[in-house]
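A.B. asks: Below are the structure tokens for one structure; questions will follow.
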Amino acid sequence: MNKPVSFKIRYFPHCIFSNKPDFYLDHEQSTRRSYQCPQCSARFLRSDLRKRHIRNCHPLTDAQSTPTASLWQTALENQLPLPSFESTSPPVDLGSLPIPDRGAGSSDSSHPPFEIPSSSHGSSFAKELLCSDAYFKYFHPGFPIIHKPSFNPNTCPEALLKAISAIGTLYATGDGKIAHSRASFDTGLQSLDTYIQSDPTRVQDPWVIPAYLILESFGMYCCDDQLFVKAQNIHRRLVDSVRELQMTRESQISHADVESDDGRRELSALDDASIPLATRWNSFVHAELRKRTIYCLYLLDSQFAIICNVRPLMSALEIKYDLPCPDELWDAETAEDWDVLRRQQFSSFNDQDDENGVGGRPPQGTFYESTQRLLHHGSRRMSSSLRLLWSSPFTALILVTQLQMMSRDLVHANCLLARPLSSQTPLSVLLDHQYGQIAQALRNILDLTPRGNPLYSRPGDSPVMEEVPANPGHTALWHSFWIMWHYTSITLTHSDSLLVTGTVESNLPAAIATAGFLAKPRDKKNRDIYEDRDVFRLLNDLEPTIPEIAFTQAKDNHLPVDAEHPFTTFLGFKICLVGWRVVRLMVGKATGDARASHDGKCSSTPSTVYQHSPAEYILRRICSRLATCTANIMHDTMGSEGRPFDSYETDYMNWAARTFAERKVWPVGKWQSAIIAESLGSTPVGNANAGVSLMVPSPSQIPSPGQCGLQLATELGLTDLGISDSMWMGDGMG
């Protein structure tokens, strides 16, 4: 009767830290219930949490309980997440434009993921149809969130068509395209907000988040302050919604292998021949669509963090999905093509197993687990999802983006913990073991990527080796992957200037301008310490990256300049700024060595092994890369003896300004070219005049490398940027 009160308080029924007997824990685990929302796929551990979810997310459930609404809600639930194979509803027929013949397995009464009957026809619809073609030709290859074979502009939701039209219009020709893009953005965003206002769970509809992400991409990269703020608001709302609805994890089993009760491996439902092929393909499309939606949201979250140096809203730990499927499967036009490609996919040499083998198999292939296997490749077996990435550039881009975000977190932590306050600090903020682990993970990704293509091969590969054919439709994704790969490798040595200085920007033009300012050469006492290994590490990445950045002039390259994603253009700009620091440092070193040798202060005899000094060697290697990827170049001056060392820097900056001025669809390249031209005009380089105001030359006005001096035509203005609408310019960037 005198039991202490603390003994009663110690055992809470739901406290995981209470010291309960084992039999009590087993009983509680076996009797724990899962409360599922009757309107969506969300699950909760307590009924009160489910009630609060229904009250907040389904306020009009009773009003929508008509038979038609019930049938429509059931159809939406069968789309996301993975539909149940036991369902008696007819299989979903994914149409295309044009619609291919699917055989007898199709049904006319089904609804594709992006299909809602629409009556928007006429001249406006015809223009949007052309814009959608331009979208899928130029932007979609670098951002494959839409399942193109099932997309039909005649029946897709109006909000999705407006989002696609907003970006597709940028690639069209003619006057007024900027105003039309802005109008499509506003109309699409208003339509989406109205659609989910009455029922927030409509975010789970398969086309809603992709439409939002397309609008978010438009707002991010159009260099408009107001649209950038709208893009940030869209992003925050989407992250909150997917967490509230638990969309960052798979709610049903969709792994390739399923464990039976006795531990034996069973075939996946996608391999069950008793299920119609069309049904299996449709189920695959719906599951993969939701997966890619979350991964694209993660990519945009990372892009916000890299551009403006804001803290990311998402973490790899919360994404509980397998990695995306090979892009060839995602792009399959018909169910038959998908089935053939799926059977032809390479499987591991270690797949053969004992038919009588028993024992559990740990989960594999999730985002976090795959990253861990890259980081600990020497001690862990590679994930089955990472056997080969020859046809998975989207997966490769996701993995290398995660390594970039991981390195940023380490740099941020080291700046807070160990970075001294002195004016001079080592260039590399990462510790040696941190650098080594991430650098090894980057090399592990290279072991899984295609080789042989001179433009898209691993660094150090011989161009004469047997080529591995790549899908031409994936060239844009591979281009984005290699730019991100080299940028991540560079930032392991030369950390992002905005990150180490703690500078946070509010829009893209300001981020470009600040990056250009922080990259300007500093006095020796005010800059970081460049160790010899740092310079050669940067050189190893700069050499293969220069052809990637100037890919429009590379030989036999079928990727048009307009197909480059604007974020990839931004990364190329950051890489060029690092290259400028290296070139500037080597010019000073080579000039000092030459002056000392001319004055007779160098007592040692010239080396008989090396023809040039290390500084001159680095300069000549960089300029030789410029010569191989630049048209109409004066090759005789690039390698001539006795040329002024200052001309190397002038050539490099001229090439960078000319290259980014070629990016004409998105204004990102124009802003970058303007910043480089301003840096070249305000820095005493070669024959350039100091103190020149910000100017933007056209590509024809920028001399090719090898031509000394720079003639700038006009001061910066909307007309000089090729922009006739003031909405492209932020209010704070006048």
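Readers should treat all values here as calculations from the given coordinates under stated rules, not as data from a laboratory. All figures in this text were calculated on a predicted structure; none of them were measured in a lab. Here the Cβ is made from the backbone with ideal geometry for all residues, glycine too, and neighbour counts use every protein chain on show.
A.B. asks: Please give the net charge around Phe570, taking every other residue with its beta carbon less than 11 angstrom from that of Phe570, where Lys and Arg add +1 and Asp and Glu add -1. Can you show the working numbers first?
C.D. replies: Working: positive: Lys574, Arg663; negative: Glu564.
Here the count lands on +1.
A.B. asks: When Phe645, Phe567 are ordered from fewest to most other Cβ atoms inside 10 Å of their Cβ, what list results? The partial results should precede the final answer.
C.D. replies: Values: Phe645 20, Phe567 25.
By the 10 Å Cβ count, ascending: Phe645, Phe567.
A.B. asks: Where does each of Lys664, Lys162 land when they are ranked from fewest to most other beta-carbon atoms within 10 angstrom? Each step should come with its number before you reach the end.
C.D. replies: Values: Lys664 14, Lys162 25.
Going from least to most buried by this count: Lys664, Lys162.
A.B. asks: If Lys and Arg each add +1 and Asp and Glu each add -1, what is the summed charge of the other residues whose beta carbon sits under 9 Å from the beta carbon of Asp496?
C.D. replies: Details: positive: Arg408, Lys574; negative: none.
With Lys, Arg at +1 and Asp, Glu at -1, the net is +2.
A.B. asks: So, one more: Could you tell me which of the pairs Lys177/Lys670; Lys51/Lys320; Lys137/Lys670; Lys148/Lys664; Lys230/Lys664 are separated by over 19 angstrom between their Cα atoms in the structure shown?
C.D. replies: Numbers: Lys177/Lys670 17 Å; Lys51/Lys320 25 Å; Lys137/Lys670 22 Å; Lys148/Lys664 26 Å; Lys230/Lys664 24 Å.
Pairs exceeding the cut-off: Lys51/Lys320; Lys137/Lys670; Lys148/Lys664; Lys230/Lys664.
A.B. asks: For a quick check: sort Ser198, Ser217 by the number of other beta carbons within 10 angstrom, fewest at the front. Present the calculation step by step, with values, prior to reporting the outcome.
C.D. replies: Working: Ser198 12, Ser217 25.
Ordered by Cβ neighbours within 10 Å, fewest first: Ser198, Ser217.
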